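The values are calculated or read from the model by the stated rules, or taken from the named source; none is laboratory data. None of the values given here were measured: they were computed from a predicted structure. As a convention, Cβ positions derive from the backbone with ideal geometry for all residues, glycine included, and neighbour counts pool all protein chains shown. Remember, those area values only see protein heavy atoms, side chains included, never the ligands or the DNA or RNA. Shrake-Rupley method; radii C 1.70, N 1.55, O 1.52, S 1.80 Å.
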Amino acid sequence: MNALIRAARRPAAASVIALGAVALALAALGASPLAVAADLAAGACGNWIAFTDTLARATPLVFCGLAVAIAFHGALWNIGADGQLVVGALAAGALGPALSGWPHAPAIVAMLAAGAIGGALWGGLAGWLRARRNVNEVISTIMLNFIAAQLLSWAVHGPLMAPAGGFPASRKIAAAARLHLYFPPSRLNLAMAFAVVLACACQLGLFRTVAGFQLRALGRNRRASAFFGAPIARLTVGAMALSGALAGLGGAVQISAITHRLYETISPGWGYEAIAVALIARLSPLGVVPAALLFGALDNGSQAMQRADGISPELVYVVQALAILVLLACDAAAGGGWREMFYRGAPASAEEGDDA
Amino acid sequence: MLETRSIVRRFGRTLALDRVDFRARPGEIHALIGENGAGKSTLVNILAGRLRADAGEVLLDGARLPAGSAARHPRRARIAAVYQSPMLFERMTWEENLALGGYRAGASPRELDAVAVRARTAAAQAGFALPPPRAIVADCSVAARVRLEIVRALSFDPRVLMLDEPTSLLAPAELEIFLAALRRLRAAGRIVVIVTHKLAEALAVADRITVMRRGRVVAELPAAHASAAELARMMIGALPEELRMPPPAGAETPAAAPALTLERATLARDGRRLLDEISLAVRPGEIVGVAGVDGNGQAELVELLAGIVRLDAGRVTPVPDAAHGAVAVIPQNRDRDGLVLEMTLWENLLLAAPVRARFIRRGLIRGRAAQSFCASLLDRFGIRAAAGPAASAAALSGGNRQRFAVARALAAAPRVIVAHDLCRGLDLAAAARVHRRIRDFAAAGGAVLLISTDLDELLECCGRLFVIARGRLIETAAADRDPARLGLLMAGAGA
């Protein structure tokens, strides 16, 4: 428990400092920071609908945040969670209408499997390119994001387009394939619980299994991993496929629980926001959950803030970005561990003792 | 004159330097000797401005140096240091590295060519070679990097040149030239400070010697009046009796079947044979040595035995695969190849697959059990880590890191240990203890392949001795067991 509090201290402090800085800026512009904060909080969790909406918004961020955290632990800079989520959604959205007549549970499993497989293929492709052809995964995942977006666009304008509509969207998925909404019109569903279970599984996998151990070692010292016989290619492809599968699951639950059909704009950029989520969580899978909730709440509250105070919702992005900058700066001062992964050029030589 | 007055420096609760007065005069080579943790590197770091002293002052030619000034304004302060582990921009060419040093050149090809010309002149004066044009530092051998560092330090035209264990990676032939270069620098009126644990070297090259022990200066004396035995006693007290080794059993070959066999192993890159039909057998109970100037195929041989590179021709038995653990490798560059610095010690211990296998139950790693095992290992090998098994590897000093690498290799209980520069960064007593462990391992039926540039170490430890030169391996005869003769073979005379 103490360890948990210690782990959460810095990210929490960074978020508070970021909010404080923005409050100062608001005050300087003549707005009341308190009133704005109150509207933001009300929009994020002021009532039942707002609260459940925050949960629903945070859910894909948890999936994608886990995807990013897993890959980053292996120093695989997966910028492609967005594309992997889209492909996962595409696979689930394409399968969904065909599941009419299925019992509910197998249909949900089929939807999730489709999403995971779609995402795993997309992420695994980048991993394979990295492992076999030494293609930088930053570039390949960004490029695959564009391809995924165009693929989705083509699908909803073409083969998957609902017959009667003229609107670029797919047919609705079968009723059996929809995740139950408990208290409509609120969007409360089981996906968030599923995401939390996955976060626990990722935590266990990273820190207790051999593959997770080897992945973390690989991310921190590739050469030493090779010297000790780690299966580098398999770890690279596996981690990227797992990362993609997690993001793809996020896409599938979004289709299954919220939209029930494919749209061109299925992702507002969750895969990118998830990078920020994972960094605030300092790549801890369990930390991704609160970080995603924070970001989901800020996103959700920002719209109420816009309605009430006429403040652009982009202000929230400023808060999010500031929080990350503050956190990075704090870690720099403390010489924190994972930060070194971002500056791998220089070998850490924190030799304290004297050794002549 | 370079002078310190009552320098005090603490690291946490450790008093690393305790009122140190140090004096080095112009036109003299001054050797600073002492055990691990005696405070030599700390003193050098303070003189070079990389560390601040808690108290005391540094004077150069009578003028007080503000703390840290030597690091901020290397040209003005004119104190240059060469460190034990090369501090170069790994991903840049060596010319670019030097351009960023005292030559202050730009990055255009013409300017870099000019840098290369000046550097080659300086290196020629010092008497050693530089890498081929535009070589990336990361691709250079360790010895080449040390040479680059020295040339870079000279590029500042320093009044004081400090060298922290600079010769530990140089070949005998280069060493002579290098020591001659130091004498030339002395003749030019510079102050040369050399940190070393090799007593013979200190006696051979230095004019005066300062001995440190546990953060204090215990003696300062002219080299002409000192003997190795006397210096050793001042440094560490007498070497404990149990660490004195009987000479190795000559060249007799045990009868058991080899634990490691290489048959005409060949490795080529870009048409060049890095390993050229190497044949070698190491039997249980045997310590076999491979001597050679760095960069003659040793790194490739180690990578081959770790299972990282594949042979182009020939055969290795057993098939190298670190995941199976018949062979444990202690790499030369432990920070790059042997440790994950950001991870904890117990996690670093689990990098070795055979050790890891002991701490897995139902597919999960048992962290607690691994930590307590790691703690006992740290204890047994005298590895000092403030936070115990949970300390990050980066928090260890170099000597402790090396001991940890050795401890891990032994803990893996392999049939064969392949060690490249086994005692890198260790002083006399620590090296003797490591040698003792390795001998015990061999006496218990283990096979050891010791790859080193340190001829004294090889002659002391090894039964059979090979020399590697330009990728070829030559077995030496009993008559060759002599540093001068081996030096000739290492230079390729026998190939």
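What are the residues of region B:354-386 that lose 40 Å² or more of accessible area, with a 1.4 Å probe, going from their chain alone to all protein chains?
B:356, B:364, B:365
So what's the convex hull volume per residue for the Cα atoms of region B:2-239, in Å³? Show your work: numbers first, answer last.
Details: hull volume 29.3 nm³, N = 238.
Convex hull volume per residue, Cα atoms: 123 Å³.
Beyond 12 Å, what share of the Cα-Cα pairs of region A:115-175 is found? Please give it as a whole percent.
Values: 1316 of 1830 pairs.
When every Cα pair of region A:115-175 is considered, 72 percent fall beyond 12 Å.
If I take every Cα pair under 8 Å that is 6 or more residues apart in region B:2-239, average their sequence separation and divide by the length, what percent do I get for the relative contact order? Mind showing how you got there, number by number?
Values: 474 pairs, mean separation 68.7, N = 238.
Relative CO of region B:2-239 lands at 29 percent.
Would you list B:103, A:317 from the most to the least accessible area, probe 1.4 Å? List each step's numbers first, then the result.
Details: B:103 30, A:317 120 Å².
The ordering from most to least exposed comes out as A:317, B:103.
Tell me which of B:355, B:290, B:231 sits at the most positive position along the dipole axis of chain B, charges placed on C-beta atoms (Lys, Arg +1; Asp, Glu -1).
My answer, from the dipole projection, is B:355.
Projecting each Cα onto the charge dipole of chain B (Lys/Arg +1, Asp/Glu -1 at the beta carbon, about the Cα centre), which of B:1, B:452, B:117 comes out farthest on the positive side?
Value computed over the given set: B:1.
So if I take the centroid of the Cα atoms in region A:216-235 and the same for region B:378-457, what is the distance between those two points in Å?
That distance is 22 Å.
Using the Cα atoms of chain A to build a convex hull, what is its mean projected area in square nanometres?
Seen from a random direction, the Cα hull of chain A projects 21.3 nm² on average.
If you take every DSSP beta bridge whose two residues both sit in region B:2-239, what share of them, in percent to the nearest 5, is antiparallel? Walk me through the intermediate numbers first.
Values: 22 of 42 bridges.
Just about 50 percent of them are antiparallel.
Using unit Cβ charges (K, R positive; D, E negative) and no other charged atoms, how large, in debye to the nearest 20, is the dipole of chain B about its Cα centre? Show your work: numbers first, answer last.
Details: 67 positive and 52 negative charges, 295 e Å.
So the dipole magnitude of chain B works out to roughly 1420 debye.
For region A:249-328 and region A:134-177, what is the separation of their C-alpha centers, rounded to whole Å?
21
With unit charges on the beta carbon (Lys/Arg positive, Asp/Glu negative), name the residue among A:291, A:280, B:474 whose Cα is farthest towards the positive pole of the charge dipole of the protein assembly as shown.
It is A:291.
Do the sum for chain B: with -39,500 (n - 2.57) for every DSSP H run of n ≥ 4, divided by all residues, what is the mean residue ellipticity at 222 nm, to the nearest 500 deg cm²/dmol? All intermediate terms of the calculation are to be shown ahead of the outcome.
Details: 17 runs with 164 residues, N = 495.
Result for chain B, helices only: -9500 deg cm²/dmol.
Convert 10 °C to kelvin, take the viscosity as 1.306 mPa s, use the Kirkwood radius over C-alpha pairs of region A:57-127 as Rh, and evaluate the Stokes-Einstein diffusion coefficient in µm²/s, rounded to a whole number. It would help to have the intermediate numbers written out before the result.
Values: Rh = 12.9 Å.
Taking Rh from Cα pairs, D becomes 124 µm²/s.
To the nearest 500 deg cm²/dmol, what mean residue ellipticity at 222 nm is calculated for chain A from DSSP H runs of n ≥ 4 alone, each contributing -39,500 (n - 2.57), summed and divided by the residues? Walk me through the numbers before you get to the answer.
Values: 13 runs with 246 residues, N = 356.
Computed mean residue ellipticity for chain A: -23500 deg cm²/dmol.
Given a 1.4 Å probe and no ligands, DNA or RNA in the count, how much accessible surface is buried by B and A, both sides, to the nearest 100 Å²?
Details: alone 21950 and 16890 Å², together 35450 Å².
In total, chains B and A hide about 3400 Å² from solvent.
Please check region A:212-247 for residues whose accessible area, probe 1.4 Å, is lower by 10 Å² or more when all protein chains are in place than in their chain alone.
Residues meeting the cut-off: A:213, A:214, A:216, A:217, A:220, A:221, A:223, A:224, A:226, A:227, A:228, A:229.
Report the percentage of all Cα-Cα pairs in the protein assembly as shown whose separation exceeds 55 Å, rounded to a whole percent.
Numbers: 80603 of 361675 pairs.
When every Cα pair of the protein assembly as shown is considered, 22 percent fall beyond 55 Å.
Using a probe of 1.4 angstrom, how much of the accessible area of the protein assembly as shown is carbon and sulfur, in percent? Numbers along the way, then the final one.
Values: 20760 of 35450 Å².
Taking all protein chains in place, the protein assembly as shown shows 59 percent carbon and sulfur surface.
Can you give the FRET efficiency for residue A:25 and residue A:132, using 1/(1 + (r/R0)^6), R0 = 45 Å, r = Cβ-Cβ distance, to the nearest 0.05?
Values: r = 49 Å, r/R0 = 1.08.
With a Förster radius of 45 Å, E is 0.40.
Modelled label-to-label distance, residue B:91 and residue B:110, 7 Å Cα→beta-carbon offset: nm?
2.9
For q values of 0.05, 0.06, 0.08, 0.12 Å⁻¹, compute log₁₀ I(q)/I(0) with the Debye formula on a Cα-only model of chain B, without solvent.
Values, matching the q order: -0.19, -0.28, -0.51, -1.19.
What FRET efficiency, computed as 1/(1 + (r/R0)^6) with R0 = 22 Å and r the Cβ-Cβ distance, is obtained for residue B:443 and residue B:376, rounded to the nearest 0.05?
Computed FRET efficiency for residue B:443 and residue B:376 comes out at 0.50.
Which value, in debye to the nearest 20, gives the size of the charge dipole of region A:147-254 about its Cα centre, when Lys and Arg are +1 and Asp and Glu are -1 at the Cβ?
Dipole size: approximately 260 debye.
Per residue, how many Å² of accessible area does the protein assembly as shown show with a 1.4 Å probe?
Each residue of the protein assembly as shown exposes 42 Å² on average to a 1.4 Å probe.
Let's see if you can work this out: charge +1 on each Lys and Arg Cβ, -1 on each Asp and Glu Cβ, no other charges. What is the dipole magnitude of the protein assembly as shown about its Cα centre, in debye to the nearest 20?
On the way: 89 positive and 67 negative charges, 156 e Å.
The calculated dipole for the protein assembly as shown is roughly 740 debye.
So what is log10(I(q)/I(0)) for region A:156-216 at q = 0.18, 0.20, 0.27, 0.28 1/Å, when the Debye sum runs over its Cα atoms only?
-0.79, -0.83, -1.03, -1.05
Express the Stokes-Einstein translational diffusion coefficient of region A:161-269 in µm² s⁻¹, to the nearest whole number, given a Kirkwood radius over alpha-carbon pairs, 4 °C and a viscosity of 1.567 mPa s.
Values: Rh = 16.8 Å.
Result for D is 77 µm²/s.
Place a label point 7 angstrom from the Cα of residue A:154 along the Cα-to-Cβ direction, then list the residues of region A:62-94 whose backbone nitrogen is under 20 Å away.
The answer is A:82-94.
To the nearest whole percent, what portion of all C-alpha pairs in region B:337-412 is separated by more than 20 angstrom?
Details: 557 of 2850 pairs.
More than 20 Å apart: 20 percent of the Cα pairs in region B:337-412.
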